[in-house]
Each structure stands twice: as structure tokens, then as C-alpha cells.
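Here the structure comes first, spelled out in C-alpha cells, and everything after it is commentary.
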Amino acid sequence: RRKSGEAYPERLRIRAVRDASGAVARYVSVFRDLSDVERLKQSLLDDAYQDALTGLPNRHLFQDRLGVALRRVRQEGGILGVVCLDLDRFKSVNDSLGHVAGDIALTEAAARLARLLRQGDTLSRFDGDSFFMMLTGLRDPEDAAHVAGRVLACLAEPLEIQGREVHIGASLGITIAPADGGEPADLMRNAEMAMYRSKEAGRNNFSFFTEELGSRVLKGLQMENDLRKALSRGEFLLHYQPRVDVLSGKVAGMEALVRWAGADGRLVPPAEFIPLAEEAGLISRLGSWVIEEACRQTRQWAGEGLGGLRVSVNFSPRQFEHPGLADHVAEILARTGLAPEFFEVEVTESVFIKGFEQAREALLKLTALGVSVALDDFGTGYSSLAYLKRLPISTLKIDKSFVAGLPQDKDDAAIVTSIVSIANTLSLEVVAEGVETEAQLEFLRSLGCCGGFQGYLFSRPVPAHEFAALVARGGVAKARACRP
């Protein structure tokens, strides 16, 4: 101890000094104050096991504590919970107010969460705005749900950051050991999957991990792997749905729709693999193939005497994230020899939600090439009229949900009539999708919907050789209720 009474660590060595006869004459002691060494050691431990910003345990300490707790569960029985927590609106705070404000938000959120801990629980910050909680001493899974409810409630209160009220929420995923896994890595992975399901369900809520969820994720990973192989092996093909003139009944063009010929011979519909391709970052590669194949095939048909057909290709919002999109399309048109006026880009309003100006610039460059632009699923978005004013759109495609009730449904009839009227006023073409009955077609004819229609009344999407045969026969619509 120091003279003040404060305790401190020291290393002390005492040696005996003997006289000529060998008897101990005196002792010599040498000591060293180890305070600085211990402080350095503690600092290194803190760096290794503590998050520098919040002071919470980091992933290494959390995994170590979780491993110890799981061994206790195996020996003594009982259950424990692992919660993965991701702040919902942290990115907007970070982007709009700056990183300092983001750090304040994380620190305050960590402090609120720490106040909810019970004895034996652990709260850890992993990275960014992700946290994990270990809940011990649970009687049943409902106890974990109660904790999750308290977490959502505590984060629902606004944060005071730089004189502003900021609202954040959280999405939580919960796993229960040993039912959902017996190893730390398994439980944490499963909790993260459950958290992402909470985000998909609308955020600011919590979800439990289930076997069904794990199987679905594994199936998705397998499909993503198969999708990558399919792109390398060339397992994709295009089907074409005719666009038919409402008045003459002749085929005026077609929409190119991608299909995946799976290893088992089954044609995988786009709804199953397009979202996965977007999520996995493969949509640009797939989209490039679709554009080139559609242009190549259309140019080939023109050389065979089936000219005058305009092909439409759906573009994903992800494709518009690349600044060279228009140049890429121009290269494909030049390489395949297809004139730009026979190529049409189809987009939905989702293209403009995140990057309106970037998408608008790309569309302006495309139309400067001579390519036309169609707005698909028109009427289902929230600001379509604004898009008509600011974007180089030449065609509106009426969503099939409005066509289905024609002509009996008064609301559908009024909506379709209004869309056609707007298009006529703005000198835009109108194409109706999902036409399946003669009554629907007659109603569209009565409105002067001259842009055309697509639907099973004329033909389902068909392979290239069937489409060519259809057009070669004269391409005149015959009323029939086709089904896939």
C-alpha cells in the first residue's frame, strides 16, 4: 500500500546477505511498481473484448460467454435465448446528420438496452448497428418474447441528438437453445435469419427462428448457387408474349420474358429467381444476356421476313444503378444489328423510388438513341402522373389487375377509361395486359386503346419457334381462352 493507504501491485524480490560464516547478516529487498503494466494489460484486454464506442462486450467476448452458458445448459438443463437486433433507421441518421450523430445514436441505444439486462444476461455490439443479446435463466420461449417487447418499447422513444428528435426502431430475431442449435455460431446465424424475416415483415417487430425458416434460407442459398452455375452454363431462354393490335388483331410486337431451364427439365418462372438474382447481385449479368438475346432474335426474324416487330424487355432497378447502362444498350444494338426503334425498355415505378435522377438520366440517354420507354403496371404506384410529366415515356401498360374485372366492374372500367383518356391527351400509346376474354377486348376497342393488348385471349408466352410460326401464319388474333 502507498502511504495514502491505496493498494497497488508490485513485484518484490528479497535476498539474504550472509557473512563469512554463512549466517544471514541482512536482507536486501528490491521492488517494482507494476501499476503501469497492469493498466496496459487491462487496456489490451479491453481492446480485445470490448467495443470501443459503447463499452459493451464485443463479438469475441459474447461468443466466449455464450459458449460457457451453452455448456452449462447441456450439463444442468434449461434453455437460453439469443437475440439478434438491428436498428431500423440508423443509416438515415448516419447519412443525414453525419457520423458523429450516428455514434451518439449507437451509444444512446446501447445505454437503453443495457438497462434492460438481468443478472447473467449479456449485451454485445457486433458491428455497425447490429447488437446481440444472450438471455439466461429463461423458463420458456415466451420470456424471450417479453424481453423483445421491452426492447422495442425502449427504442420507440425518440433520441435527442444535436438538438433534434430522432426516431429509430429495431428488428429482432430470436433463437432458443438447445432447440434451435447447440453451438454459438449456429444460434447466432439462426437469430440473424430470424431478424431479416422481421425486416421483411415490416420492421420494428421480432420473429422467432423456426426449422421452416432455416430450410427456406438453405434452399435460397442452394438456388443462388444453382443460379450462378446456370449463368455460366447458358441454361436460360426467352419466351415471347405477342403484343396484338386491338383493332386489326395483328401482332405488332412482343415482350421478351426470361425462363430458367433447370437441371430437372422444369422451367423455373421468373418470380422464383429474379428476386434472388437481384439480391445476389446477378441481375445485371442476367439482364445483359436477356437484352442481347432479345435483340439478336428480333434482328434474325427481320432477316427472315418478319420485320416491323418491336421487342420489349423488362429492366430491373438494379440495372439503373450502373452509369453506363445506355452505352451498354447501344453496344448491344450495334453488335446485333437491331435498329433502336425496334427496341423498348419496360420499367416499373420501383426504378425511380431510390434514384429518380439517375434513372431519369439513363432513360433520356436511351431515348436519345431512338429506344422507346414503357411504364409497366401503370396505376398501381403512388406518383405515376408525376412520372408522365418528367420522364421520356411513350407507352403506358395497364396492369392486368384493372383489366380482370372488365367490363362488369365499374371501378375497373372507370380506372381503365381514365388511363386511356390521359394517354390520348398526352399522345402516349396504351397497352392492356392480361386480356383473357372477348368482352374485355371489345371494351378496350370501344375506348380506342390502339396501342395493343397482351393476354391469354391471343397467346400465352411461347418459345421463339412457336412465336415465329404464330406471326408467319398471319398473326391475326383468334379468340380463345388460353392457359399456360
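The values are calculated or read from the model by the stated rules, or taken from the named source; none is laboratory data. Only a predicted model underlies this, so the values are computations on that prediction, with no experimental measurement involved. Positions of Cβ are backbone-derived with ideal geometry, glycine not excepted, and every protein chain shown enters the neighbour counts. Heavy atoms of the whole protein, side chains included, go into the accessibility calculation; ligands, DNA and RNA do not. Shrake-Rupley method; radii C 1.70, N 1.55, O 1.52, S 1.80 Å.
For this structure, a couple of remarks:
- Evaluated against (1) open to solvent by 20 Å² or more (accessible area, probe 1.4 Å); (2) modelled with pLDDT of 85 or more, residue 355 falls short on exactly one condition, (2).
- Test: residue 131 is in a strand (DSSP E or B), at pLDDT 90 or above and surrounded by 14 or more Cβ atoms within 10 Å (Cβ to Cβ): yes
- Only one of the listed residues (252, 256) is open to solvent by 20 Å² or more (accessible area, probe 1.4 Å) and among the aliphatic types (A, V, I, L, M). That residue is 252.
- Residues considered: 168, 161. Of these, the only one that is buried (at least 20 other Cβ atoms within 10 Å of the Cβ) and among the β-branched types (Val, Ile, Thr) is 168.
- Selection of the stretch 51-100 for residues being crowded, with 20+ Cβ neighbours inside 10 Å, more than 24 Å from residue 158 (Cα to Cα), in contact with a helix residue (DSSP H, G or I) (Cβ under 8 Å, 6 or more places away or on another chain) and aliphatic (A, V, I, L, M) yields 66, 70, 80, 82.
- Among the residues of the stretch 101-124, just one is assigned to a loop (DSSP other than H, G, I, E, B) and surrounded by 17 or more Cβ atoms within 10 Å (Cβ to Cβ), namely 121.
- Selected residue (criterion: nearest to the chain's Cα centre (by Cα)) from residues of the stretch 446-461 that are more than 21 Å from residue 256 (Cβ to Cβ), hydrophobic (A, V, I, L, M, F, W, C) and surrounded by fewer than 23 Cβ atoms within 10 Å (Cβ to Cβ): 450
- Applying a threshold of 7 Å to beta carbon distances and a minimum spacing of six or more residues, or different chains, the list of pairs starting in the stretch 393-405 at a residue that is within 12 Å of residue 455 (Cα to Cα) and ending at one that is open to solvent by less than 10 Å² (accessible area, probe 1.4 Å) and in a loop (DSSP other than H, G, I, E, B) reads 403/435.
- Note on the stretch 413-445: among residues that are assigned to a loop (DSSP other than H, G, I, E, B) and more than 36 Å from the chain's Cα centre (by Cα), the one that is surrounded by the fewest Cβ atoms within 10 Å (Cβ to Cβ) is 427.
- Inter-residue pairs, beta-carbon under 6 Å, first under 14 Å from residue 459 (Cα atoms) and in the stretch 427-447, second of a type in the set (Phe, Trp, Tyr) and in a helix (DSSP H, G or I), 6+ apart: none
- When the test is whether a residue is open to solvent by less than 60 Å² (accessible area, probe 1.4 Å) and among the aromatic types (Phe, Trp, Tyr), residue 289 does not pass it.
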